[in-house]
Structures are given as C-alpha cells and as structure tokens.
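Below is one structure, written out as structure tokens; the observations come after it.
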Amino acid sequence: MINEHFGTIPPSYLFSEVAQRVRDYQSAHPGARVLRLGIGDVTRPLAPAVVDALHLAVDEQADAESFRGYGPEQGYDFLREAIVAGEYAPLGADIDPAEIFIGDGAKSDTANIQELFAADASVAVADPVYPVYVDSNAMAGRLGDFRDGRWSRLVYLPCDEGNGYRPQLPDGHVDLVYLCSPNNPTGTTLSREDLAEWVAYAREHGAVILFDAAYREFIVDADVPRSIYEIEGAEEVAIEFGSFSKTAGFTGLRCSWTVVPRQLIVDGVSLQAMWSRRQSTKFNGTPYIVQRAAAAIYGAEGREQVRADIDYYLRNAALIRDVLRGRGVDAVGGDNSPYVWFRCPGGLDSWQFFDALLERAQIVGTPGVGFGPAGADHFRLSAFGTHEETLEAVDRLAELIPSLSAAPASAPTAAEAAASDSDTTTES
C-alpha cells in the first residue's frame, strides 16, 4: 500500500544534508564562528508596515464583529486585487484577480501543480534546478528510474558557461517545462527574447510552462522581464508562481500566489478550474492575518521599506560576486538576484569545496550537485546573511581561494569592497 516512488528518490533532501553536516561540524568545533551563506533564508526583520498590518489583523480577530474563520481557498479579494494592481498592471499584463490563487509558499505551489497533469507527462527542467521541481514529479512516478545521478525520463536542459547558464529549447516535444528567472541556483535571468522563444515553443508543441518568478523583486535591469506575461501569448501556455518569502521576508509567515490564466486550456480542460478544485479540496487557505500583512507591502510605506531590504541583500550579493571574480573565479548572478553561482576553484567537486569552505573558512554554502548533474563542480552562495557577516565571509573567501588554486590574488578585501560599495549598489 506504500507509494513505491518514494523509494526511488535519493534519501536526503539537499538542504537537510547541508544542515546535518553543519551540525556535525559545530558539534566537533563548538567555539567556531560559522557564517551561513547557504540556504536562502532571510535575516532582515519584517518591514514596519507589514508588522503594523499584522497587529491590526490580530486585533480584528480578537473582536467578534470583525473575526474571520475559514477564508476563501483561492485567497481574499483584497490581496488578489492588490497583486494585480501592484505586480501585473504596471507591466501591462492583463491578469484578472480571479486568475490569482493565494498559497502558503512557492515551494508548495510549484510542488503541487504537477498534480494537474498525467502520470506519463514528459518533464523538462533546467540543469541545475531547484530540487523541488524534480522531487515532486519523482514522487508522482513521472521520472522513471534514478541511476548515476540522473532520472531516466527527465529531460535535462544543461546550463553552463557556454550558454550563459540559460536553458536551451529541447530538441523534441515535452509536455511540461519548469523555468525560473531570476534563477535559483545560478542567479541568471532570462531575457525578453529568451522568453519569447519559450512561449513560441510551448505554443507549437502544446506544452505548459511552469514559470517560477519568486525572486522577481531582485530584478533591477529595466530590460529583464519580471513576468512571463510580458510576452504576447504567454497566457495561453504558462502558469506563473510568485512569492513574498524572499522579497518581503515572509519565509516564516508563508504567503505566495499562483497565476492560472483562463486562456490556458489543455486537452479541452481549463487548468484554472482544475487548480481551483484542487485547492478547494486540499487547502484551507492562507491565514487572514498573513494575507493582510502581504497586502501591506503594496502601500507606499511598505514598498519603500521592502525595497530597502532588497537593496540590502543586493549589496551583499555584489560583495560576494566581486570578491570571487577578483580572485579569478568566474562567478555569475548577484546583480538581479540574491544568488552567486560559480565553478569550484582548484578542480574540486561541489561537496569537496563545501567541506573545504566549512572546515578551513567556517563558511556554509550550497553544493551545486544538489541542484542536478550540471552542478557537480559548481557552488552557490547566498546574499541573505547580514551585511556584517557577509563582509567577514568575503574576507575569509579572499584568503581561502588562492590556497585552492593558482587563481590571482588581487581581489579586494571586504574593507576595499565596502569603500566602493556605493558604486556597486548603483549598478545593482
């Protein structure tokens, strides 16, 4: 009676393995000051406007006249309308509030969306990729056998230096394509031309694009799309996921949204109607107080406060990227993204570099192999630490990297990088 497909997946989730290795190290070295640039959890507190909204909503729940119990599974209208007005109307994207579904995190939404599709649907992912896309399909029995680090029925779209870490179109037909921009883990973005090619491919092949835009608020370049619905025809082939976790510090509050357009019809069936039915059956809705908090970021004060936090993390990302590049490491990301991605120095694989980084510099990062075969000799660092810890970490990186390879030792120290930080921030 057990779902046999669970037995086919690797037994350890990437971030759980990272956490266990860090616990083991700290147990053996209780006095070590470990700096965490690994998992993408935020460190900045919630914006004051968000906290005020939470307090007001809690007060409402304490009053019999304003108390709210079960809410609509699809989300309250006030937040759905705020997302349309704040996220899509400025882009010229014609999204209706009824096409917005409020969830409890992009991780949940991107994992659960596969339930709408047949067990034999073919799936393509960028490689490297956020593990949840792959693991959720594996649990559904859609990916075949796992051998030598690869799934037999999964279509991998390798991303490397040669293609600028951007997935290329599959050679043939696939049913589902997961895209993420800004990308986790590489920090790279897809251009308007890139997305137009993907939309054209989906229209030609009858494919559905599952577009993860959880890091959209980190985009500062005006020519980089923040939504796939900026591309003509995308509403007929794409579902989009957004999140407040990283952009507004909601990793502990949990709030997200999924856009399923009315025009998206597969085999004569409305995916919007299917997703609504699925949510009504399996989900009781995001808490009212959390949705009120999320709506607060679309006010003038909320926007300004959240923007300040985004800029804070982007300063950290620029420090990490620039120090790596100064040490001869070809790093990408860190400009429109909180993540920096690079090939491990010294010919190390990603777990070897993880161990060296932890044991010799007391820094935690994320091994690239956990994101797919193409990440086996790559590594991801996150900008979500405090600015002070990031300054300390890049100094340690600057000292460690020359000992691992013959890379030039001309990188700026943290103090030098901080001195030019105002210029870096402007570029970001």
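The values are calculated or read from the model by the stated rules, or taken from the named source; none is laboratory data. Quick caveat, the model's predicted, so the values are computed rather than measured. Cβ: placed from backbone, ideal geometry, glycine included. Neighbour counts: every protein chain shown.
Odds and ends about this structure:
- Within the set G206, G187, the sole residue that is among the small types (G, A, S) and touching a Phe, Trp or Tyr at 6+ places or on another chain (Cβ under 6 Å) turns out to be G187.
- The residues of the stretch 56-69 that are part of a loop (DSSP other than H, G, I, E, B) and either surrounded by 16 or more Cβ atoms within 10 Å (Cβ to Cβ) or of a type outside the set (S, T, N, Q) (or both), listed by number, are A62, D63, A64, E65, F67, R68, G69.
- Pick from the stretch 362-378, criterion in a helix (DSSP H, G or I) and either touching a Gly at 6+ places or on another chain (Cβ under 6 Å) or free of Cβ contacts under 8 Å to residues at least 40 places away in the same chain (or both), ranking: nearest to Y156 (Cα to Cα): P373
- Test: residue in the stretch 384-396 that is modelled with pLDDT under 90, surrounded by fewer than 17 Cβ atoms within 10 Å (Cβ to Cβ) and of a type in the set (S, T, N, Q): no
- Residue that is surrounded by the fewest Cβ atoms within 10 Å (Cβ to Cβ) [pool: residues in the stretch 8-42 that are under 18 Å from A356 (Cβ atoms) and among the β-branched types (V, I, T)]: V34
- Taking the criterion of being touching a Pro at 6+ places or on another chain (Cβ under 9 Å) and not in a helix (DSSP H, G or I), the residues of the stretch 379-402 that qualify are F379, R380, S382, A383, F384.
- Boolean, A295 is at pLDDT 95 or above, over 20 Å from G92 (Cβ atoms) and outside the structural domain of F211 (by TED's automatic domain parsing): no
- Filter pass, R33 being in contact (Cβ under 8 Å) with a residue 24 or more places away in the chain, within 29 Å of D311 (Cα to Cα), part of a loop (DSSP other than H, G, I, E, B) and more than 26 Å from the chain's Cα centre (by Cα): yes
- Of all residues in the stretch 198-215 being in contact (Cβ under 8 Å) with a residue 60 or more places away in the chain and in contact with a strand residue (DSSP E or B) (Cβ under 7 Å, 6 or more places away or on another chain), the one that is farthest from D120 (Cα to Cα): A214
- Only one of L195, L190, L154 that is under 21 Å from D135 (Cα atoms), crowded, with 16+ Cβ neighbours inside 10 Å, hydrophobic (A, V, I, L, M, F, W, C) and touching a strand residue (DSSP E or B) at 6+ places or on another chain (Cβ under 9 Å): L154
- The stretch 233-291 - residue that is in contact with an Asp or Glu (Cβ under 7 Å, 6 or more places away or on another chain) and charged (D, E, K, R) and, of those, surrounded by the most Cβ atoms within 10 Å (Cβ to Cβ): R254
- Failed criterion for V224 (all others in (1) under 27 Å from G299 (Cβ atoms); (2) of a type in the set (A, V, I, L, M); (3) buried (at least 22 other Cβ atoms within 10 Å of the Cβ) hold): (3)
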